[in-house]
Amino acid sequence: RQADVECRVLVLGAGPGGYTAAFRAADLGLDTVLVERYAALGGVCLNVGCIPSKALLHAADVIEQASHASEYGVDFGKPKIALDKLRTYKEKVVGQLTKGLAGMAKQRKVRVVQGTGRFVSANELEVAGDDGKTQLLRFEQCIIAAGSQALKLPGFPWDDPRVMDSTDALELADVPSRLLVVGGGIIGLEMATVYRGLGSEVTVVELADQLMPGADKDLVKPLADRLKKGGVSTHLKTKVVEARAGKKGIEVDFEGENIPEGKLFDRVLVAVGRSPNGKKIDADKAGVRVTERGFIEVDAQMRTNVPHIFAIGDVIGQPMLAHKATHEGKLAAEVAAGEKKEWVARVIPSVAYTDPEIAWVGVTETEARAKGLKVGVGKFPWAASGRAIGLSRTEGFTKLVFDEATHRIIGAGIVGVHAGELIAEAALAIEMGCEVADIGHTIHPHPTLSESVGMAAEVFDGTITDLY
Ligand code: FAD
């Protein structure tokens, strides 16, 4: 069969991984086609992930700040929320970015083909449009960036609109009186923060023995305390066994150590993880191996077992984060263009944009202790930060984890407002092989929260007394 489209590089999926790869490939002079099933570019992150969630979190943050302003003599009264306007604001933010991407694709002469792609051979992809028509695309090299989707736990009446995944929750159909969030990870707690801010009574259940599994317990505590104070009830070591759709709400059966009092909820958000889309693209027809769980394995150059086919982003594994996908996208495109490169990033930061934010990078203290690594920890409580006191947000702290023998920084964790903005300095320090004294000797501006990073490099837990 004659191909409808021929190209040097085909990128499958236009999320942060895919569009970055396509733009980089085009910038390097490769004739590039980008295939995306939806009309808007940007993938999960721009359309139903990072960006809309942060737009809504901004609104929740303003509400939260206003509600505490009476502490310093400013009273805004009870907020009036026009849900339509908030939704429009979120859509405007998303639209601005996705339109920008379309313009950038055009500028670079990246051809965008809309439709759902499936491999038919190691050099061909068939794309089915919404109108049912198919096109055959032939490529010399391919970059798979098909992403992931929310896990749909069994035992929930998924055909009932009151049962939501994160995409549904971001639609903001209404502000439910009683919202149950199943899963106390980053996405669950970000959405809990949004809905709590808008006025829902929020209950969170989490299977693990702490919220935000993966982060150090001490980092999570200030968040857990603030959620509690704000009226969010959290239930650890507890799971949902069944949920039924009823007239008065979704009726939920729990099992575990901290069962919530009520069983009836107006809406239920299930945020228990995401599954990769590797099994939905007929990768086997191209000879690309896909694991049982749907991940595609790659080497340090992002190549799959088929050397001219690369894979990047959520579809290749954890952590499922946009900034990981973009770095991988750039690398895959550069290798496809013939550059001799491989993955060299030492660390990938994680941020929960909750209130307070939690950010961590590199080896966590818990991990270091579990592995028996000989580490020192520098910790600076924000109660001693002039800036945090002025902001009336002293519950945060900054900690640096460093190798006791070399004094090199190997990890960092920050909890507090804007922690996500502050973690980049630690990521840079780790990438550059900084010793803790390098940060201690760097002059940080006063009064800022960033000073806390400098101070953490000077305050030790006693394991090392004189680093300078
Ligand atoms: P995706 O963004 O999933 O994009 C894949 C694209 O491929 C999609 O557009 C899809 O339509 C398309 N596609 C798939 N299969 C086909 C096919 N067969 N044919 C055609 N097109 C196809 N990460 C962060 O770093 N920071 C955050 O703050 C953050 N917040 C998040 C909040 C939420 C609510 C969610 C759900 C996720 C969040 N993430 C965040 C994660 C982030 O969105 C993902 O890690 C990121 O989008 C992954 O990028 P990707 O390019 O691998 O895939």
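In which sequence would Tyr38, Tyr353 go, from the one with the fewest C-beta neighbours within 10 Å to the one with the most? It would help to have the intermediate numbers written out before the result.
On the way: Tyr38 15, Tyr353 22.
Ordered from fewest to most neighbouring Cβ atoms within 10 Å, Tyr38, Tyr353 come out as Tyr38, Tyr353.
Quick one: pull the percentage of alpha-carbon pairs in the chain with a separation above 33 Å. Provide the component values of the computation, followed by the final result.
Details: 48268 of 109278 pairs.
Value for the chain: 44 percent of Cα pairs lie more than 33 Å apart.
For the stretch 1-139, lysine pairs separated by 8 or more sequence positions, or belonging to different chains, with Cα-Cα distances below 26 Å total 19. In percent, rounded to a whole number, the relative contact order of the chain is 15, using alpha-carbon pairs under 8 Å and six or more apart.
What ranking do Leu422, Leu30 get, fewest neighbouring Cβ atoms within 10 angstrom at the top? Could the numbers behind the result be given before it?
Working: Leu422 23, Leu30 19.
Fewest to most other Cβ atoms nearby, the residues stand as Leu30, Leu422.
Between Thr88 and Gln2, the FRET efficiency from the beta-carbon distance, with R0 = 35 Å, is close to 0.15.
Sorted on the mean count of surrounding Cβ atoms within 10 Å across their residues, most packed first, peptides 340-350, 45-55 read 45-55, 340-350.
Going through the stretch 216-284, which GluC sites (Glu not before Pro) have at most 10 other Cβ atoms within 10 Å and a DSSP loop state?
Values: sites: Glu242, Glu251, Glu255, Glu257, Glu261; in loops: Glu257, Glu261.
Passing sites in the stretch 216-284 are Glu257, Glu261.
For the chain, the antiparallel share of DSSP beta bridges with both residues in that region comes to about 60%. Of the trypsin sites (Lys or Arg not before Pro) in the stretch 264-304, the ones in a loop by DSSP (not H, G, I, E or B) with at most 11 other beta carbons within 10 Å are Arg293.
What separates the Cα centres of the stretch 414-429 and the stretch 271-289 is a distance of 33 Å. Percent of Cα pairs in the stretch 1-132 per distance bin of 10 Å, from zero to the largest separation: 11, 32, 25, 15, 10, 6, 2, 0.
Of all DSSP bridge pairs formed entirely within the stretch 4-134, close to 45 percent run antiparallel. Farthest toward the positive end of the dipole of the chain, out of Gly390, Val241, Ile51, is the Cα of Ile51, where the dipole comes from beta carbon charges about the Cα centre. Prolate is the label for the stretch 1-77, because the ratio a/c of its alpha-carbon gyration tensor axes (a ≥ b ≥ c) is 1.5 or higher and a/b is greater than b/c.
Two numbers describe the Cα atoms of the stretch 293-339: Rg and Dmax, which are 10.1, 31 Å. Note that the stretch 409-416 has calculated 3J(HN,Hα) couplings of 6, 10, x, 7, x, 9, 10, x Hz, one per residue in order, obtained from phi through the Karplus relation 6.51 cos²θ - 1.76 cosθ + 1.60 (θ = phi - 60°); glycine and proline are x. Amide H to amide H distances under 5 Å link His418 with Glu357, where only residues 5 or more positions off or on other chains count and H is placed in the peptide plane.
Taking the fewest neighbouring Cβ atoms within 10 Å as the starting point, the ordered list for Leu83, Leu28 is Leu83, Leu28.
Backbone amide hydrogens, once placed in the peptide plane, bring Ile143 within less than 5 Å of Leu10, Val11, Leu12, Phe310, excluding anything fewer than 5 places away on its chain. Shown for the chain: cysteine residues without a partner Cβ closer than 4.7 Å, namely Cys7, Cys142, Cys434. Charge tally for Phe23 (other residues, Cβ to Cβ under 10 Å; Lys, Arg +1; Asp, Glu -1): +2.
Put simply, the amide H of Thr234, placed in the peptide plane, has neighbours under 5 Å in Val204, leaving out anything fewer than 5 places away on its chain.
Please get the size of the charge dipole for the chain, origin at its Cα centre, with Cβ charges of +1 on Lys and Arg and -1 on Asp and Glu, quoted in debye to the nearest 20.
Working: 55 positive and 62 negative charges, 213 e Å.
For this selection, approximately 1020 debye.
Dipole of the chain (Lys/Arg Cβ +1, Asp/Glu Cβ -1, origin at the Cα centre): which of Ile281, Phe254, Gly129 lies farthest to the positive side? Farthest towards the positive pole: Gly129. Per-residue 3J(HN,Hα) values for the stretch 354-361, derived from phi via the Karplus relation 6.51 cos²θ - 1.76 cosθ + 1.60 with θ = phi - 60°, read 7, 10, x, 6, 10, 9, 8, 8 Hz in sequence order (x marks Gly and Pro).
Gap in Å between the Cα centre of the stretch 89-116 and the Cα centre of the stretch 225-248? So the two Cα centres are separated by 38 Å.
Values in this text are rule-based calculations from the coordinates and carry no lab data. Just so we're clear, the structure is a prediction, and the values are computed from it rather than from any experiment. For neighbour counting, all protein chains shown are included, and Cβ atoms are generated from backbone atoms with ideal geometry for every residue, glycine included.
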